[in-house]
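The values are calculated or read from the model by the stated rules, or taken from the named source; none is laboratory data. None of the values given here were measured: they were computed from a predicted structure. Quick reminder, even Gly has a Cβ in these numbers, built from the backbone with ideal geometry, and neighbours come from all protein chains shown.
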Amino acid sequence: MDKEKLQKLKDIDREIKNLDAAARKLKNMAEEMDLPIVFYNVNRILGTLNVLKENISEPLNIIYSD
Amino acid sequence: MNVWNPVLETMPPEDLRRYQLIKFKEQCIYAFKNSPYYMRKFTEAGLKLKDLENIKTMDDVLKIPISSKKEFAAAQEGKEPFPYGELLAVPIERISEYHQTSGTTGTPLRWGDTWADWEWYADIWATILYSRGLRAKDRLYIAFPYHIYIAFWGGHYGAEKIGAEVIPGGSTGTEERIREIVELRCTALMCTPSYALHMVNIAKQMDIDLRKTAVSKLFCTGEPGASIISTKQRIEEAWGAKVFDHVGATEAPLWSFQCEEQRGLHLNEAHYLVEILNPETLTPVAEGETGTVVVTNFARKGMPTIRYDLKDLIKISSEKCPCGRTWRMSEGGVAGRRDEMSKVRGVLFSPKNVEKAVMSIPELNGEFKIIITREKDYDSVMVKAEAFKDYENIRAELAERLSKELRNTTTLRCDVEILPSGTLPRHEAKAKRLEDLR
């Protein structure tokens with residue numbers, strides 16, 4: 001994979017991780033104050049984010065980690 | 001090139017092999033720690049956690065025991081937590097999707113997916129639909145009542161992910177479905193191949209020419225028909241549309257699919273380790289040999305599937321697909337299923353070869369049934385096929401022609417009976433073509 005494309009993918013990977021961290025924080029906050037609408041909607045978002053982590057972040061980290 | 005995820009679909013083959021081995025190892029470790037079935041299975045095979053952590057080569061993969069559907073069924077039958085039993089690898093409250101196998105080959109398996117598993121599943125559907133050119137502007141009609149069967153639900157959510165409009169055909173009749181496809185100007189259709197042909201026959205009676213509809217793509221699954229050239233041609237001609245095949249099971253959805261180039265069927269290698277093994281020795285076959293498919297899924301956490309024997313028979317193609325995907329391809333899709341292949345008078349017999357013969361005769365409408373019987377140690381094969389209404393007066397001639405074709409495709413002499421149109425039962429799901437009464 002050419003360097004420029006790889007760098008762009010790594011930028012995308014960083015944003016996926018930021019989104020995941022934000023969603024997890026939101027889920028914990030919702031759990032603490034017992035706010036089902038936030039908890040369950042964010043839970044679904046995390047499922048969707050998992051697809052990006054598994055299919056973009058993981059292969060990038062495994063194959064192009066250098 | 002219609003690529004959904006370039007990171008995985010165009011990964012160089014040597015990187016892909018390395019990636020697969022790492023994912024295989026991770027899934028084995030996960031299953032050992034979380035699935036009572038795999039913990040028992042691996043322990044009985046003398047494997048410890050450190051053995052799994054040391055998986056690095058394909059030789060290491062071969063040390064992991066193979067599982068069968070029978071073993072999966074036994075791990076569920078009467079076992080807690082109901083209804084998934086020892087196969088469940090997450091707390092049951094994390095399961096949000098229930099499906100089950102059709103039970104065509106025995107006790108149905110009950111399958112639970114977490115929301116993350118389900119999102120993964122929709123995504124691999126999106127991958128294959130995107131590869132065939134389905135886009136947000138498309139309107140997809142699904143001619144299937146969904147029910148507890150996983151495939152068409154996945155198709156629904158995968159198409160939605162791309163942004164396409166999805167119209168569920170529900171449990172309405174065939175005439176109503178055809179009317180909806182015409183009226184709503186649907187551009188794509190998803191159904192079993194036998195049902196696509198059944199719709200052709202009904203449309204003729206309704207005086208509707210399906211080639212004049214907006215449908216340009218048909219996504220077929222559930223049966224091998226879309227990879228049988230004569231069946232595929234017949235559907236494509238009648239609909240004036242491209243027909244795409246893909247293969248999967250509830251336990252291993254979409255492990256193989258046909259891309260826009262319509263060559264062989266790609267193995268979905270980013271999500272599965274697909275091994276082609278000799279059915280007797282369960283060791284890898286030599287290049288160009290047909291073998292049984294054993295798959296390991298990398299993603300699902302609710303119920304992992306490791307070295308699972310699908311009993312499908314395929315042969316790897318040496319051809320490189322011009323689509324640009326680096327995933328290997330099989331030649332002509334699934335050649336047959338080990339549990340459908342039976343020996344008749346000492347010869348291996350597959351219903352797929354009967355379908356090839358039936359579909360090669362244009363005066364037959366594509367509906368058929370095979371009945372195998374045994375009398376005084378002699379096996380007999382009876383093939384009953386339906387003629388189109390206009391050709392019912394030449395049934396004797398058609399029987400003779402079909403008999404000849406069957407001789408070519410099966411190498412056996414089969415008894416043949418040509419029936420009037422509408423005699424045999426119709427199926428929306430997997431068509432039950434074979435009745436072995438021996």
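Scanning region B:171-199 for residues that are of a type in the set (A, V, I, L, M) and in contact with a strand residue (DSSP E or B) (Cβ under 8 Å, 6 or more places away or on another chain) gives B:Ile181, B:Leu184, B:Ala188, B:Leu189, B:Met190, B:Ala196, B:Leu197, B:Met199.
Checking region A:36-51 against the condition returns a match, with at least one residue being within 20 Å of B:Glu26 (Cα to Cα) and in contact with a Ser or Thr (Cβ under 8 Å, 6 or more places away or on another chain).
Does B:Tyr141 meet the test of being touching a helix residue (DSSP H, G or I) at 6+ places or on another chain (Cβ under 7 Å), assigned by TED's automatic domain parsing to the domain that holds B:Pro6 and part of a loop (DSSP other than H, G, I, E, B)?
So B:Tyr141 fails the test.
Taking first residues from region B:149-162 that are among the aromatic types (Phe, Trp, Tyr) and partners that are part of a helix (DSSP H, G or I), the Cβ contacts under 6 Å between residues at least 6 apart in sequence or on separate chains come to B:Tyr157/B:Ala122. For the criterion of being surrounded by 14 or more Cβ atoms within 10 Å (Cβ to Cβ), touching a residue at least 60 places away in the same chain (Cβ under 8 Å) and in contact with a Cys (Cβ under 8 Å, 6 or more places away or on another chain), B:Ile64 passes.
Tell me whether region A:34-43 contains one or more residues that are of a type in the set (Ser, Thr, Tyr), within 13 Å of chain B (Cβ to nearest Cβ) and surrounded by 17 or more Cβ atoms within 10 Å (Cβ to Cβ).
Of all residues in region A:34-43, those of a type in the set (Ser, Thr, Tyr) come to A:40.
From what's left, within 13 Å of chain B (Cβ to nearest Cβ): A:40.
Narrowing further to those that are surrounded by 17 or more Cβ atoms within 10 Å (Cβ to Cβ): none.
Scanning region A:34-43, I find no residue that is of a type in the set (Ser, Thr, Tyr), within 13 Å of chain B (Cβ to nearest Cβ) and surrounded by 17 or more Cβ atoms within 10 Å (Cβ to Cβ), so the answer is no.
Do the conditions hold for A:Lys53, that is, is it away from chain B (no Cβ under 11 Å) and surrounded by 11 or more Cβ atoms within 10 Å (Cβ to Cβ)? It is false that A:Lys53 is away from chain B (no Cβ under 11 Å) and surrounded by 11 or more Cβ atoms within 10 Å (Cβ to Cβ). Screening B:Arg234 on (1) part of a strand (DSSP E or B); (2) farther than 29 Å from B:Val294 by Cβ shows it passes everything except condition (1). Residues in region A:15-30 that are within 14 Å of chain B (Cβ to nearest Cβ) and farther than 23 Å from B:Thr127 by Cα: A:Ala23, A:Arg24, A:Lys27. Among the helices (runs of 4 or more DSSP H) confined to region B:1-100, the ones with at least 2 residues that are within 14 Å of another protein chain (Cβ to nearest Cβ) are located at B:6-9, B:13-34. Taken over region B:138-185, the residue count meeting the criterion of being within 20 Å of the chain's Cα centre (by Cα), within 19 Å of B:His198 (Cβ to Cβ) and surrounded by fewer than 15 Cβ atoms within 10 Å (Cβ to Cβ) is 2.
Quick check on region B:387-406. Is at least one of its residues under 25 Å from B:Ala143 (Cα atoms) and buried (at least 21 other Cβ atoms within 10 Å of the Cβ)? For region B:387-406, residues under 25 Å from B:Ala143 (Cα atoms) and buried (at least 21 other Cβ atoms within 10 Å of the Cβ): present.
Specify which of the listed residues (B:Thr283, B:Thr296, B:Thr292) is touching a residue at least 60 places away in the same chain (Cβ under 8 Å) and in contact with a Lys or Arg (Cβ under 7 Å, 6 or more places away or on another chain).
Just one listed residue meets the conditions, B:Thr296.
Among strands (runs of 3 or more DSSP E) entirely within region B:287-386, having at least 1 residues that are of a type in the set (Gly, Ala, Ser), at pLDDT below 95 and over 17 Å from the mean Cα position of the chain (by Cα) singles out B:342-344, B:364-375.
Let's see how each residue does on (1) surrounded by fewer than 21 Cβ atoms within 10 Å (Cβ to Cβ); (2) closer than 30 Å to A:Thr48 by Cα:
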position	(1), (2)
B:Leu267	no, yes
B:Ala270	no, yes
B:Val274	no, yes
B:Ser330	no, no
B:Arg337	yes, no
B:Ser342	yes, no
B:Arg345	yes, no
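For region B:349-389, a residue qualifies if it is of a type in the set (Asp, Glu) and either more than 18 Å from B:Leu424 (Cβ to Cβ) or touching a His at 6+ places or on another chain (Cβ under 6 Å) (or both), and the qualifying residues are B:Glu375, B:Asp377, B:Asp379. For region B:112-136, filtered to residues that are touching a strand residue (DSSP E or B) at 6+ places or on another chain (Cβ under 9 Å), away from chain A (no Cβ under 14 Å) and not in a helix (DSSP H, G or I), the residue that is farthest from B:Leu184 (Cα to Cα) is B:Gly112.
Pairing residues of region B:108-125 that are farther than 25 Å from B:Gly78 by Cα with residues that are aromatic (Phe, Trp, Tyr) and surrounded by fewer than 23 Cβ atoms within 10 Å (Cβ to Cβ), at Cβ distances under 6 Å and at least 6 apart in sequence or on separate chains, gives B:Ala122/B:Tyr157.
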